[in-house]
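Here you go, one structure.
What follows is calculated from the coordinates using simple rules that are stated; it is not laboratory data. Since this is a predicted model, take the numbers as computed values, not measurements. Glycine also receives a Cβ, built like all others from the backbone with ideal geometry; neighbour counts cover every protein chain displayed.
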Amino acid sequence: MRLQFSAAIATLLLVHSAAYTEEPKLELRQSPCDSSSSQALGDWQARSRKTLAELLHMDDQIAADRPDAQGRSPLPLNVEVLKREACNGYERCLLQIDSRPDRKIQVVLTVPGNATPGKTPAVVCIHGHGGNLDIVYDTKSVYCGFARTLAENGFVTLSTNVGQHETQSPQRTLMGERLWDLIRVVDLAVSRPEVDPGRIGCAGLSLGGEMAMWLGAMDTRIHATVSSGFLTNMENLRKGHCPCWDFPGLQNRYEFSDIYSLICPRALQCQNGSLERLPGGFPVDLAEKAMAEIKKAYRTAGQEQAAQLAVHGAGHVFDVPSGIAFLKANLN
Ligand SMILES: [Zn+2]
């Protein structure tokens, strides 16, 4: 009896230790945002951008891409126009540009008919899982055509594809390739004669809200960020979300609120719908907790009003009225 009992305990311990070996304990959030003073915040931001660029395997690209005082990149874009059409008050082009010398990407660019040279605001519009560069203009989609509304309201808009789940180059990361493509879309925006480089924003829903977070965090040429349907914590996403948000080293160091804190003191709107539910969704209560963390940085920077959580009455959709009002207020 005693022998059987000991054997059972030993088996249990073995099973437990095997499970433990397969899933090593993750030391979480070891480099949280330091908002103890504005100096500490600035130092933490500079350090964290450098660390994240290394973790994303894009530090060599950032080092090579040193924008001038106007934010213009020295890397050639080699723009090719694939299609051009007149729309309601704006022109819409399908372009191809070089993201890297060995990587070409397609970009939708819309330019208002009455665009004033050097004075026009621009917004990078970003789709989510299962979408593509056209869908953010579709009024019948979950994006509610927010990019089309911006195009019709005097903004230059730009959109590219970020939904791939394979890396092109083995030495890159998926998130790093997606983000670098978006940085190159900002390079394209800054190169346009009608665009005011001081009035560039980004906006997206779901994976697009996540990529808007990354673009606002890592590219300080972005002056206003709308991140819709994404503000949450990593614990929520560990419970069954598509794992493409993660990469080695991220969870050890940061929470999403920390990545958003890299946008401080620039304008930030997060949108969450009151009909979002767990599991799989981005509910308001988790977003409120994360926004309280983000606000610590904005308070230290003396810019508490620059960050806001816009709660709307729908589910996992882009709320066009609050998003457009925010971009108009911060980019016009
Ligand atoms: Zn994914």
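Need the full-extension length gain, ASP102 to CYS244, defined as separation in residues times 0.36 nm minus the C-alpha distance. One decimal, nm.
Numbers: separation 142, 0.36 × 142 = 51.12 nm, distance 2.31 nm.
Gain on extension, ASP102 to CYS244, equals 48.8 nm.
Rounded to whole Hz and in sequence order, give me ³J(HN,Hα) for the range 300-306 from the Karplus expression 6.51 cos²θ - 1.76 cosθ + 1.60, θ = phi - 60°, writing x for Gly and Pro.
Couplings: 4, 7, x, 10, 4, 6, 6 Hz.
Using θ = phi - 60° and the Karplus relation 6.51 cos²θ - 1.76 cosθ + 1.60, list the HN-Hα couplings for the range 113-128 in order, rounded to whole Hz, with x at every Gly or Pro.
x, 9, 4, 8, x, x, 10, 8, x, 9, 10, 7, 9, 10, 8, x
Given that compact globular proteins tend to follow 2.2 N^0.38 Å, what is the ratio of the alpha-carbon Rg of the chain to that value? Present the calculation step by step, with values, prior to reporting the outcome.
On the way: Rg = 21.5 Å, N = 332, 2.2 N^0.38 = 20.0 Å.
For the chain, the normalised Cα radius of gyration is 1.07.
So how much slack lies between LYS83 and GLN70, counting 0.36 nm per residue of separation and subtracting their Cα-Cα distance, in nm?
1.8 nm
Just to check I understand the Karplus step: with θ = phi - 60° and J = 6.51 cos²θ - 1.76 cosθ + 1.60, what whole-Hz values come out for the range 226-233, glycine and proline as x?
Ordered by residue, 3J(HN,Hα) equals 10, 10, 9, x, 9, 4, 6, 10 Hz.
Taking the Cα-to-Cβ direction at GLN30 and at ARG299 and moving 7 Å from each Cα, how far apart do the two end points lie in nm?
Reported label-point gap for GLN30 and ARG299 is 2.8 nm.
Show the residues, 5+ positions off or on another chain, whose built amide H is closer than 5 Å to the amide H of ALA307.
For ALA307, whose amide H was placed from the backbone, the distant partners under 5 Å are LEU268.
Can I ask one more? Using every alpha carbon pair in the range 266-328, what percent of pairs falls into each 10 Å bin from 0 up to the bin containing the largest distance?
Pair shares across the bins are 22, 48, 28, 3.
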